[in-house]
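Notes follow the structure.
The values are calculated or read from the model by the stated rules, or taken from the named source; none is laboratory data. Quick caveat: nothing in here was measured; it's all calculated off a predicted structure. In this analysis, Cβ positions are derived from the backbone assuming ideal geometry, glycine residues included, and neighbour counts consider all displayed protein chains.
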Amino acid sequence: MQQDAQTADKVIFADQVLTMGSAEISGPAAVAIREGRILAVVPRERARDHIGPRTRVLDAGRRTIMPGFVDVHAHSEVAARTRYLTVDCRAPECATIADVLDKLTSALPEARDGWLVGEANLFYDQKLAEKRFPTRAELDSVSRTVAIALRCGGHLTVLNSRALELAGIDVDYQAVTHSITGMPTVERDAGGVPTGIVKEMDNLLPLPGLGADELRTAIGEGITELFTRHGVTTIGEISETVDGMRHYDANLAAGMLAARMHFYLWVPGTVSLDQACDHRSWLRFDSPEDLIRVQGVKMFSDGGYSAASAAMKRPYALDPHGHHCGAVALSAEQLAEALRRTAEAGLQLAVHANGDRAQEEVCTAFEGVRLPAGALRPRVEHAGNFVPDYEWATQAWQRAGIIPVPQPVFLYNFGEFIPTYVGEYARRGQFPFRRLLDDGWPISGSSDVWIGSEQRQTNPFFSIACCVQRHSFHGHPIEPDQAITRTEALRMHTLNAAAAMGQDSTRGSLEPGKLADLVVVDRDPLTCAEDEIAAIEVDQVFLGGRSVFTRDAAQDITA
């Protein structure tokens with residue numbers, strides 16, 4: 001018997017449904033799903049119009065249903081590897097250098113291939129009680145025979161003497177000049193001897209890796225723990241390795257992964273620009289395109305604030321000579337060529353540009369590039385995090401036609417520390433979300449999870465709390481006048497995030513015709529106490545209308 005076109009395969013009732021679309025429903029409602037897509041979202045009393053003899057009816061009770069989250073900028077393979085390969089030395093659990101050394105010492109039996117790698121936060125020198133990094137000598141006190149690398153985020157690492165030796169870094173070492181995540185730097189003392197601190201060099205170090213089976217398992221477990229359990233149903237993944245991308249595909253096929261993967265091929269870290277633009281000839285996936293695809297290309301034009309390698313217009317406050325402004329790693333010609341070629345290949349270009357000088361050069365390079373009809377607008381990753389000259393920046397973004405992609409979680413990660421590194425002028429212009437939204441910029445939220453991220457960084461509700469509360473790592477307010485509403489913050493992580501990837505016609509809101517990617521949460525994020533936002537739990541996740549995750553402690557959705 002053929003079903004009527006308005007009859008659903010599944011109907012889910014809830015006391016509250018947040019559509020995040022053009023129309024919200026007040027009071028108890030129902031979501032009707034057919035063939036993996038939203039058929040209708042209606043008040044509870046109208047749900048019978050979509051229920052037939054074969055419709056499965058579920059009831060979430062007093063809980064809230066909302067769209068699955070879209071994380072437009074993540075390094076999930078790196079984060080998954082980190083869970084397997086590193087010792088967690090992050091603050092505040094490790095509060096002092098002594099705590100760090102004790103943690104590394106106790107983990108020496110876990111060394112792999114002669115290396116022990118510790119994970120530390122961004123701005124680690126500001127989060128430890130001593131307000132400095134552990135020294136090379138202090139790491140040597142843990143071991144002189146095991147190479148120790150303390151990775152303080154993805155831009156700065158502290159090495160002991162054995163690690164320097166294995167990396168070939170001595171007094172005569174000359175850092176390469178090409179860009180991977182920024183311009184590589186080896187810090188030296190007055191005598192030219194490496195101190196152990198290296199910047200933007202993690203991909204040049206002979207750090208241990210995972211075997212194929214380990215990596216596939218790490219990715220499967222990592223996506224579940226870091227993303228699915230927090231309601232993230234689409235990930236804009238910055239590629240790490242070609243093998244890794246193939247493991248995502250294999251895990252999807254085996255039912256070990258429940259997220260839609262949109263890859264941004266890292267150039268030149270994963271592949272060359274030529275390979276990226278020609279990816280269809282050599283990178284084929286077995287899983288359907290609605291689950292896994294190449295979305296774009298990611299490039300780095302500068303480094304990070306924590307390594308003082310973001311390209312700024314003013315010298316860093318930490319520079320005793322008053323002339324270090326970071327470095328731009330990509331020329332205008334390279335940027336323009338990358339935009340032209342990716343657009344012709346049907347790919348979206350995303351360029352990492354932290355500093356205002358880097359953003360200026362990126363936008364200037366993009367201004368003269370004419371895109372083909374229908375091409376996705378380029379993204380500038382981190383535009384909107386620190387905006388020292390708001391009028392200039394937003395005008396440059398407008399002229400270049402870019403999409404700014406900020407990360408609200410960085411309010412907590414390092415908002416209070418930027419002035420120490422950059423200068424006192426940085427006490428204003430941080431994460432000006434209120435002003436950006438008021439001026440019509442549909443900004444998104446994303447985790448940018450990498451090594452050294454905070455423990456809650458992949459939880460969108462933590463990011464939403466950052467937008468609303470704007471509290472720093474030590475609990476200080478960061479420009480509270482730039483706080484936004486809960487609805488706006490939720491939309492940043494759903495519909496606006498989908499739009500940043502050019503996918504808002506298929507996801508980001510619960511509207512007819514869109515993918516039935518939705519989550520059931522244990523309380524209403526619009527009405528719960530403000531200090532409860534980050535503690536909201538995802539009870540169940542549906543991907544294409546299929547249940548893919550249920551929290552162990554959650555009350556079952558009843559039939």
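Residue pairs whose Cβ atoms lie under 9 Å apart, sitting 6 or more positions apart in sequence or on different chains, and linking a residue in the range 400-419 that is over 18 Å from ALA353 (Cβ atoms) and touching a residue at least 40 places away in the same chain (Cβ under 8 Å) to a partner that is surrounded by fewer than 23 Cβ atoms within 10 Å (Cβ to Cβ) and aliphatic (A, V, I, L, M), are LEU411/ILE478; TYR412/ILE478; GLY415/ILE478; GLU416/ILE478; PRO419/ALA317; PRO419/ALA426.
Filtered by the rule that a residue be aromatic (Phe, Trp, Tyr) and more than 19 Å from VAL520 (Cα to Cα), the range 1-37 gives no residues.
Selection of the range 419-469 for residues being over 23 Å from GLU488 (Cα atoms), more than 19 Å from the chain's Cα centre (by Cα) and surrounded by fewer than 20 Cβ atoms within 10 Å (Cβ to Cβ) yields PRO419, THR420, GLY423, GLU424, TYR425, ARG427. Within the range 282-296, not a single residue is more than 18 Å from the chain's Cα centre (by Cα) and under 25 Å from ASP356 (Cα atoms).
Applying the set (1) crowded, with 24+ Cβ neighbours inside 10 Å; (2) within 25 Å of GLU289 (Cβ to Cβ) to GLU240 leaves exactly one unmet item: (1).
Among the candidates GLU35, GLU45, single out the residue that is within 24 Å of GLY502 (Cβ to Cβ) and surrounded by fewer than 16 Cβ atoms within 10 Å (Cβ to Cβ).
Details: GLU45 fails: within 24 Å of GLY502 (Cβ to Cβ).
Only one candidate passes the filter, namely GLU35.
Across the range 193-237, the qualifying residues are those that are of a type in the set (Gly, Ala, Ser) and either at pLDDT below 95 or outside the structural domain of VAL117 (by TED's automatic domain parsing) (or both), and the one among them that is surrounded by the fewest Cβ atoms within 10 Å (Cβ to Cβ) is GLY211. Among helices (runs of 4 or more DSSP H) entirely within the range 37-148, having at least 2 residues that are within 25 Å of SER239 (Cβ to Cβ) and touching a residue at least 24 places away in the same chain (Cβ under 8 Å) singles out 76-85.
One line per residue, one yes/no per condition, for (1) under 27 Å from GLY196 (Cα atoms); (2) acidic (Asp, Glu); (3) touching a helix residue (DSSP H, G or I) at 6+ places or on another chain (Cβ under 9 Å):
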site	(1), (2), (3)
SER301	yes, no, yes
TYR305	yes, no, yes
ALA308	yes, no, yes
HIS323	yes, no, no
GLN334	no, no, yes
GLU337	no, yes, yes
GLU344	no, yes, yes
LEU349	no, no, yes
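Of the residues in the range 357-374, not one is assigned to a loop (DSSP other than H, G, I, E, B) and in contact with a Phe, Trp or Tyr (Cβ under 9 Å, 6 or more places away or on another chain).
Among the residues of the range 519-543, write down those that are surrounded by fewer than 16 Cβ atoms within 10 Å (Cβ to Cβ) and either part of a strand (DSSP E or B) or among the hydroxyl-bearing types (Ser, Thr, Tyr) (or both). Result: THR527, single match.
Between ARG486, ARG546, the distinction of being of a type in the set (Lys, Arg), surrounded by fewer than 20 Cβ atoms within 10 Å (Cβ to Cβ) and assigned by TED's automatic domain parsing to the domain that holds ALA14 belongs to ARG546 only. Of all the listed residues (ALA345, ALA329, ALA338, ALA317), the sole one being surrounded by fewer than 23 Cβ atoms within 10 Å (Cβ to Cβ), under 30 Å from ALA499 (Cα atoms) and in contact (Cβ under 8 Å) with a residue 60 or more places away in the chain is ALA345. For the range 63-106, residues that are out of contact with any strand residue (DSSP E or B) (no Cβ under 8 Å at 6 or more places or on another chain) and charged (D, E, K, R) total 5. Applying the condition of being among the small types (Gly, Ala, Ser) and touching a residue at least 60 places away in the same chain (Cβ under 8 Å) to the range 422-444 and asking which residue is farthest from GLN398 (Cα to Cα) yields GLY423. Looking across ALA396, ALA353, one residue alone is surrounded by fewer than 24 Cβ atoms within 10 Å (Cβ to Cβ) and of a type in the set (A, V, I, L, M). It is ALA396.
If I filter the range 378-399 for residues that are of a type in the set (A, V, I, L, M), over 20 Å from the mean Cα position of the chain (by Cα) and either more than 22 Å from TRP266 (Cβ to Cβ) or assigned by TED's automatic domain parsing to the domain that holds GLY21 (or both), do I get at least one hit? Within the range 378-399, one or more residues are of a type in the set (A, V, I, L, M), over 20 Å from the mean Cα position of the chain (by Cα) and either more than 22 Å from TRP266 (Cβ to Cβ) or assigned by TED's automatic domain parsing to the domain that holds GLY21 (or both). Within the range 438-450, one or more residues are touching a helix residue (DSSP H, G or I) at 6+ places or on another chain (Cβ under 7 Å) and at pLDDT below 95.
If you go through the range 375-396 and keep only what is assigned to a helix (DSSP H, G or I) and in contact (Cβ under 8 Å) with a residue 40 or more places away in the chain, you end up with TYR390, THR394.
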